[in-house]
């Protein structure tokens, strides 16, 4: 029974809010808040003017109280706007609903409405919800009648929350739920912080993007001749491939496979393909205007925590600066006097696999600092004295093999990736099985667990139900991805609580920010805490991290996008200097 | 400076206490069953090892049907009756790089104490495979097997926890001749 754990009460909380000035990317402006005590139903309602006069939350938020919300980071963003301290204990029923239904096909999705329908509870209609949300987004001024309607709507959500808590209480694994709630506090801090954007370049790019697209096509397509206007012509591409003798995968229908994944893989094998791939991806994926950039030139968007099946964040590709084409990340630039650091765990997935499977050879390979070369040495393909320089091509093949195993790639795909005969790919995969037998036994056991037990879990309770048919590749990959996500969450918790300014989590990396004179200190602290997070998740096994530092006036640049960035910058009419730092 | 705002030891301990082990499959005790054990010489491309222990060698009488590539294990009392059709062998437990276990029958010397060169060469290979990964190919010119040793430092074989009797039982499931009225014997004696 949760109630007995929190003598100062359990409070179900919901805010209505809109982004400041109605602009996505700006912090939220709270409109009203309704708080309902559970289980007795005592309810308090607060309108905007009243909230703005409060210096702290009007209900207990200490050790002995529990704050409950559905998608708590939004409520916590409002806490931050109001200058209130975060609650100590946060229980997010969205996260718990996701955790308890992950892998199960949900007819009505995982919104509050969806959760209510899942449990057969009464609910307010979707249409009415949309209508009320639109009313809030008008930013007022609201009539007395409007205000009453908004606050009633807000109250209906906390009433729904109380029904949900009634039915979900028995499914809640409290200590781990609170840890997930603690992560939602970190998410709120990160979302509110956002990523610094070079406003001048962004605005220039935004204004000229239409024209730039045509110029880019004209410049890049002159070597290919595959565009008609802005349309990529498959027949012209086929003709290009034939004249350049490039074999290309086809779909079952016999047509060329023009998916981006295929382009990406082929670009690795045939350098000639790379520019056209980057162009296609830039033109199709980039909707610049959707990028959420606030008035303070910071990219802020929902990080969408726990959205992916692995428990990873899944922010909108178009709203998040790390979502669109990699070259666009050149827009990330620290403000004057500030610095950024991109810190990622070194070979995180390999390290997780080694530690959780307790495979001694794999752990040794990770600790060597170069697991790919270590694998080549361990399997007898390279001498013990081999280095990255003496055995570069062998290392590349073994690296591709390690990555292939991680992604569940078969021998055919691996052969294509390393541009080697099928027999070589088969041999490499076999060597992996022979060298890391304990890992493979553990991976096979994960498949048994998923098939027989119907569930897999990560170190801190994130889980997936596998009854609805998860393929072998996803099952084997789940422990690495889900534990990677657990590690990132713990790192975010430890770092935000240590007052490190995180701008964004990016898969297995964190972008942090600090005044230039404190940057080194922040990096050291972050690396230490990221190492601690790996020890916590992997039962003492440490993962190292790599750092890329960006000091004002440099900008962030992903080396995969550097060429395209320079091309685009050359096309911007206002010729601001585009000095790129390749990281 | 770096120590500022870092989590306390106590808070890290309480965090660690929430950790769940990744012991997948532990409650189900799934175990790979040995369902198939081949009998014969390894193919020429297969690197293999043989077991070092004398306990992993099984002496037996084998009846080989070349046409169907089948081998039958004949119990001694029946073997005495059809001695011209069977041959005494030692079945050596062997394993390939994919962890497939199989049995290599090495014919024993005849009454004169000598073996034909092929058998002698196979016996030598089996001895060599106790310490090295090897593959063998038939060399018709010398009438024996060429032995190729693996050049890389390959890991030691991962033998299943199974005794030789079990391996023999699996290998010869449905292929043990324990009476003269066995159809194969009857056929060879021209009685069917």
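Of everything in segment B:127-158, what is within 14 Å of chain A (Cβ to nearest Cβ) and assigned to a loop (DSSP other than H, G, I, E, B)? Give them in sequence order.
Let us first name the residues in segment B:127-158 that are within 14 Å of chain A (Cβ to nearest Cβ), namely B:132-133, B:149-158.
Matches in segment B:127-158: B:132, B:133, B:150, B:151, B:152, B:153, B:154, B:155, B:156, B:157, B:158.
Counting only residues that are buried (at least 16 other Cβ atoms within 10 Å of the Cβ) and within 14 Å of chain A (Cβ to nearest Cβ), segment B:90-102 holds 3 of them. Restricting attention to segment A:222-248, which residues are buried (at least 16 other Cβ atoms within 10 Å of the Cβ), in contact (Cβ under 8 Å) with a residue 40 or more places away in the chain and under 13 Å from residue A:283 (Cα atoms)? Correct list: A:232 only.
Taking the criterion of being touching a strand residue (DSSP E or B) at 6+ places or on another chain (Cβ under 9 Å) and either within 14 Å of chain B (Cβ to nearest Cβ) or modelled with pLDDT under 95 (or both), the only residue of segment A:534-554 that qualifies is A:534. For residue A:568, the conditions (1) assigned to a helix (DSSP H, G or I); (2) surrounded by 19 or more Cβ atoms within 10 Å (Cβ to Cβ); (3) modelled with pLDDT of 90 or more are fulfilled apart from (3). As for segment A:500-513, it holds no residue that is surrounded by fewer than 20 Cβ atoms within 10 Å (Cβ to Cβ) and without any contact (Cβ under 8 Å) to a residue 40 or more places away in the chain. Determine whether segment A:491-503 contains at least one residue that is modelled with pLDDT under 95 and either away from chain B (no Cβ under 13 Å) or part of a strand (DSSP E or B) (or both). Scanning segment A:491-503, I find no residue that is modelled with pLDDT under 95 and either away from chain B (no Cβ under 13 Å) or part of a strand (DSSP E or B) (or both), so the answer is no. In summary, residue A:452 fulfils each of the numbered conditions (1) surrounded by fewer than 24 Cβ atoms within 10 Å (Cβ to Cβ); (2) within 11 Å of chain B (Cβ to nearest Cβ); (3) in a helix (DSSP H, G or I); (4) at pLDDT 90 or above with the single exception of condition (4). Based on what the data block shows, is residue B:161 more than 21 Å from residue B:78 (Cα to Cα), within 14 Å of chain A (Cβ to nearest Cβ), surrounded by fewer than 12 Cβ atoms within 10 Å (Cβ to Cβ) and at pLDDT below 95? It is true that residue B:161 is more than 21 Å from residue B:78 (Cα to Cα), within 14 Å of chain A (Cβ to nearest Cβ), surrounded by fewer than 12 Cβ atoms within 10 Å (Cβ to Cβ) and at pLDDT below 95.
Among all positions in segment A:326-343, there is no residue which is at pLDDT 95 or above, more than 20 Å from residue A:552 (Cβ to Cβ) and surrounded by fewer than 22 Cβ atoms within 10 Å (Cβ to Cβ).
Take the residues in segment B:128-152 that are over 24 Å from residue A:379 (Cα atoms) and touching a residue at least 60 places away in the same chain (Cβ under 8 Å), then tell me which one is surrounded by the most Cβ atoms within 10 Å (Cβ to Cβ). Walk me through it before giving the result.
As a first pass, look at segment B:128-152 and keep what is over 24 Å from residue A:379 (Cα atoms): B:137-146.
Next, from what is left, pick out any that are touching a residue at least 60 places away in the same chain (Cβ under 8 Å): B:137-138.
Numbers: B:137: 11, B:138: 14.
Checked segment B:128-152; the qualifying residue surrounded by the most Cβ atoms within 10 Å (Cβ to Cβ) is B:138.
For residue B:95, the criteria (1) within 17 Å of the chain's Cα centre (by Cα); (2) over 30 Å from residue A:434 (Cα atoms) hold in every case but one, which is (2). Apart from one condition, residue A:251 fits all of (1) surrounded by 15 or more Cβ atoms within 10 Å (Cβ to Cβ); (2) without any contact (Cβ under 8 Å) to a residue 60 or more places away in the chain; the exception is (1).
Regarding residue A:312, is this residue more than 14 Å from chain B (Cβ to nearest Cβ) and without any contact (Cβ under 8 Å) to a residue 12 or more places away in the chain? Steps first, answer last, please.
Details: more than 14 Å from chain B (Cβ to nearest Cβ): yes; without any contact (Cβ under 8 Å) to a residue 12 or more places away in the chain: no.
In short, no.
Within segment A:370-403, the set of residues being in contact (Cβ under 8 Å) with a residue 40 or more places away in the chain and under 20 Å from residue A:546 (Cα atoms) comprises A:402 only.
I'd like to check something: does segment A:401-410 contain any residue that is assigned to a helix (DSSP H, G or I), surrounded by fewer than 18 Cβ atoms within 10 Å (Cβ to Cβ) and within 13 Å of another protein chain (Cβ to nearest Cβ)? No, segment A:401-410 contains no residue that is assigned to a helix (DSSP H, G or I), surrounded by fewer than 18 Cβ atoms within 10 Å (Cβ to Cβ) and within 13 Å of another protein chain (Cβ to nearest Cβ). For segment A:422-433, the condition of being within 14 Å of chain B (Cβ to nearest Cβ), within 22 Å of residue B:155 (Cα to Cα), without any contact (Cβ under 8 Å) to a residue 12 or more places away in the chain and in contact with a helix residue (DSSP H, G or I) (Cβ under 8 Å, 6 or more places away or on another chain) holds for at least one residue. In segment A:90-106, the condition of being over 30 Å from the mean Cα position of the chain (by Cα), more than 25 Å from residue A:193 (Cβ to Cβ) and buried (at least 17 other Cβ atoms within 10 Å of the Cβ) is met by no residue. Only residues that are more than 8 Å from chain A (Cβ to nearest Cβ), out of contact with any strand residue (DSSP E or B) (no Cβ under 9 Å at 6 or more places or on another chain) and not in a loop (DSSP other than H, G, I, E, B) were counted in segment B:16-56, giving 2. All of (1) under 28 Å from residue B:170 (Cβ atoms); (2) at pLDDT below 85 hold for residue B:56 with one exception: (2).
Scan segment A:461-478 residue by residue and report those that are more than 11 Å from residue A:311 (Cα to Cα) and either crowded, with 24+ Cβ neighbours inside 10 Å or away from chain B (no Cβ under 11 Å) (or both).
Across segment A:461-478, the qualifying residues are A:465, A:466, A:467, A:468, A:469, A:470, A:471, A:472, A:473, A:474, A:477.
Hey, can you tell me all the residues within segment A:337-395 that are touching a strand residue (DSSP E or B) at 6+ places or on another chain (Cβ under 8 Å) and on the phi > 0 side of the Ramachandran plot?
The first filter runs over segment A:337-395 and keeps only residues touching a strand residue (DSSP E or B) at 6+ places or on another chain (Cβ under 8 Å), leaving A:337-346, A:351.
A:337, the sole residue that qualifies.
Taking the residues in segment A:514-527 that are within 13 Å of chain B (Cβ to nearest Cβ) and surrounded by fewer than 17 Cβ atoms within 10 Å (Cβ to Cβ) as candidates, determine which candidate is farthest from residue A:546 (Cα to Cα). Out of the qualifying residues, it is A:517.
Quickly run through segment A:161-203 and pick out the residues that are free of Cβ contacts under 8 Å to residues at least 60 places away in the same chain and over 23 Å from residue B:17 (Cβ atoms).
Our first condition is that a residue be free of Cβ contacts under 8 Å to residues at least 60 places away in the same chain; within segment A:161-203, this holds for A:163, A:167, A:170, A:175, A:203.
If the condition is that a residue be free of Cβ contacts under 8 Å to residues at least 60 places away in the same chain and over 23 Å from residue B:17 (Cβ atoms), then A:163, A:167, A:203 are the ones that fit.
Within segment A:382-400, the only residue that satisfies the criterion of being within 14 Å of another protein chain (Cβ to nearest Cβ) and crowded, with 21+ Cβ neighbours inside 10 Å is A:398.
Residue-wise test of (1) under 30 Å from residue A:182 (Cα atoms); (2) crowded, with 19+ Cβ neighbours inside 10 Å; (3) at pLDDT 95 or above.
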position: B:6; (1), (2), (3): yes, no, no
position: B:25; (1), (2), (3): no, yes, no
position: B:28; (1), (2), (3): no, no, no
position: B:42; (1), (2), (3): no, yes, no
position: B:70; (1), (2), (3): no, no, no
position: B:83; (1), (2), (3): no, no, no
position: B:88; (1), (2), (3): no, no, no
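The values are calculated or read from the model by the stated rules, or taken from the named source; none is laboratory data. Please read these numbers as outputs of a predicted model, since none were measured by experiment. When we count neighbours, we look across all protein chains shown, and the Cβ atoms used for this are built from the backbone with ideal geometry, even at glycine.
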